[in-house]
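Enquirer: A single structure is presented below for examination.
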């Protein structure tokens, strides 16, 4: 699933090419890709003849403000892509929604696994009311609202494994498997460490590293594992310099120890046994 750096990369790409261009047509090729309104035709009618004024990101959600004050919200989920095409081309079999612009360009929502969703939200409805999960998201991790104290409070109430807690969007908005693994490695924290056992110094270090890793992910244009590309079709480059994610069996870039992988709550976690010792289990 695209995480904060990937979604932010998409947001920036859309902001650069889609603004102030009249939408002259919309085509819905998969009805269930539209979460609201229930009727795809209503979705089409609300977006046709409008124009995007701004793109924002909240966690892993993309929110576009239209020129009438309404919003288009998109969640890419597992395999969603938003592609910007400036020359006509036939849609692939995984194309779900198409927006056509007066310039002849097209924004295309492609989603192989069909979990992605689009919402149209009226100007009079707060997005958090229309999409309840938005209301429960933690503060944005790159914002001033995401303080050490906020992270400490949210981790202090959790007896889950630290990696599992970090994937909870009410703890760190936008965090996912890739950047959680990277943050834990650079913090020297084992993924299975119970979240509530962290010391104030460990939380402060983790807070700093989360922000560092997310910024580095954005600077690299995100990570391409399977399907992620920017709206212009460019792969993300963070994966090539990852410390532990996706590197099971390879040597740690710091100490040379073999990177291992374990499963926590059904999710894979990559870590270095030497750099991230599970010291709590040994009474240290």
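The values are calculated or read from the model by the stated rules, or taken from the named source; none is laboratory data. Given the structure is predicted, the values throughout are model-derived calculations rather than measurements. We place every Cβ from the backbone using ideal geometry, glycine too, and count neighbours over all the protein chains shown.
Enquirer: Can you find, within segment 83-103, the residue that is nearest to residue 6 (Cα to Cα) among those that are in a loop (DSSP other than H, G, I, E, B) and in contact (Cβ under 8 Å) with a residue 40 or more places away in the chain? Spell out how you get there, then give the answer.
Expert: Our first condition is that a residue be in a loop (DSSP other than H, G, I, E, B); within segment 83-103, this holds for 86-94, 102-103.
Within this subset, residues satisfying the condition of being in contact (Cβ under 8 Å) with a residue 40 or more places away in the chain are 91, 102-103.
Details: 91: 23, 102: 28, 103: 27 Å.
Looking at the filtered set, the residue picked out is 91.
Enquirer: Right, here's the next one. Does residue 15 qualify as being surrounded by 15 or more Cβ atoms within 10 Å (Cβ to Cβ), in contact (Cβ under 8 Å) with a residue 12 or more places away in the chain and assigned to a strand (DSSP E or B)? Even if it seems obvious, please write down each step before you answer.
Expert: Numbers: surrounded by 15 or more Cβ atoms within 10 Å (Cβ to Cβ): yes; in contact (Cβ under 8 Å) with a residue 12 or more places away in the chain: yes; assigned to a strand (DSSP E or B): no.
Criteria not met by residue 15.
Enquirer: Separate question: Are any of the residues in segment 69-82 part of a helix (DSSP H, G or I), more than 19 Å from residue 129 (Cα to Cα) and out of contact with any strand residue (DSSP E or B) (no Cβ under 6 Å at 6 or more places or on another chain)?
Expert: Pass one, segment 69-82, residues part of a helix (DSSP H, G or I): none.
There is no residue in segment 69-82 that is part of a helix (DSSP H, G or I), more than 19 Å from residue 129 (Cα to Cα) and out of contact with any strand residue (DSSP E or B) (no Cβ under 6 Å at 6 or more places or on another chain).
Enquirer: Go through (1) buried (at least 21 other Cβ atoms within 10 Å of the Cβ); (2) outside any strand (DSSP E or B) one by one and return the number of the condition residue 45 breaks.
Expert: With (1) buried (at least 21 other Cβ atoms within 10 Å of the Cβ); (2) outside any strand (DSSP E or B) applied to residue 45, the lone miss is (1).
Enquirer: Another question, then. Restricting to segment 177-188, name every residue that is out of contact with any helix residue (DSSP H, G or I) (no Cβ under 6 Å at 6 or more places or on another chain) and buried (at least 23 other Cβ atoms within 10 Å of the Cβ). Steps first, please.
Expert: Of segment 177-188, the ones out of contact with any helix residue (DSSP H, G or I) (no Cβ under 6 Å at 6 or more places or on another chain) are 177-178, 181, 184-185, 188.
Hits for segment 177-188 are 178, 181, 184, 185.
Enquirer: Name the residues in segment 14-38 that are under 18 Å from residue 131 (Cβ atoms) and modelled with pLDDT of 95 or more, would you? So that I can check it myself, show each step before the final result.
Expert: Initially, segment 14-38 is screened for residues under 18 Å from residue 131 (Cβ atoms), giving 32-38.
Of everything in segment 14-38, those that are under 18 Å from residue 131 (Cβ atoms) and modelled with pLDDT of 95 or more turn out to be 32, 33, 34, 35, 36, 37.
Enquirer: Name the residue that is nearest to residue 22 (Cα to Cα), counting only residues in segment 120-135 that are crowded, with 16+ Cβ neighbours inside 10 Å and within 17 Å of the chain's Cα centre (by Cα). Reasoning before the result, please.
Expert: The initial filter retains those residues of segment 120-135 that are crowded, with 16+ Cβ neighbours inside 10 Å, namely 120-121, 127, 130-131, 134.
Imposing the further condition that a residue be within 17 Å of the chain's Cα centre (by Cα) reduces the set to 131, 134.
Details: 131: 26, 134: 28 Å.
Looking at residues that are crowded, with 16+ Cβ neighbours inside 10 Å and within 17 Å of the chain's Cα centre (by Cα), I get 131.
Enquirer: A further question follows. Select from segment 31-42 the residues that are closer than 17 Å to residue 94 by Cα, out of contact with any helix residue (DSSP H, G or I) (no Cβ under 6 Å at 6 or more places or on another chain) and surrounded by fewer than 16 Cβ atoms within 10 Å (Cβ to Cβ) and list them in ascending order. Don't jump to the end; show me each part of the working.
Expert: As a first pass, look at segment 31-42 and keep what is closer than 17 Å to residue 94 by Cα: 31-34.
Filter once more, keeping what is out of contact with any helix residue (DSSP H, G or I) (no Cβ under 6 Å at 6 or more places or on another chain): 32-33.
Hit for segment 31-42 is 32, nothing else.
Enquirer: If you take the residues of segment 147-164 that are assigned to a helix (DSSP H, G or I) and in contact (Cβ under 8 Å) with a residue 24 or more places away in the chain, which of them is surrounded by the fewest Cβ atoms within 10 Å (Cβ to Cβ)? Before you say what the answer is, go through the steps one by one.
Expert: To start, the set of residues in segment 147-164 that are assigned to a helix (DSSP H, G or I) comprises 148-156, 162-164.
Of the ones still in play, those that are also in contact (Cβ under 8 Å) with a residue 24 or more places away in the chain are 148, 151-152, 155-156, 162-164.
Values: 148: 14, 151: 22, 152: 18, 155: 24, 156: 12, 162: 27, 163: 26, 164: 19.
Filtering first and then ranking leaves 156.
Enquirer: Can you say whether residue 106 is free of Cβ contacts under 8 Å to residues at least 40 places away in the same chain and either in the same structural domain as residue 170 (by TED's automatic domain parsing) or within 21 Å of the chain's Cα centre (by Cα) (or both), as far as the supplied structure shows? Don't jump to the end; show me each part of the working.
Expert: Working: free of Cβ contacts under 8 Å to residues at least 40 places away in the same chain: yes; either in the same structural domain as residue 170 (by TED's automatic domain parsing) or within 21 Å of the chain's Cα centre (by Cα) (or both): no.
Taking the combined requirement at face value, the residue does not satisfy it.
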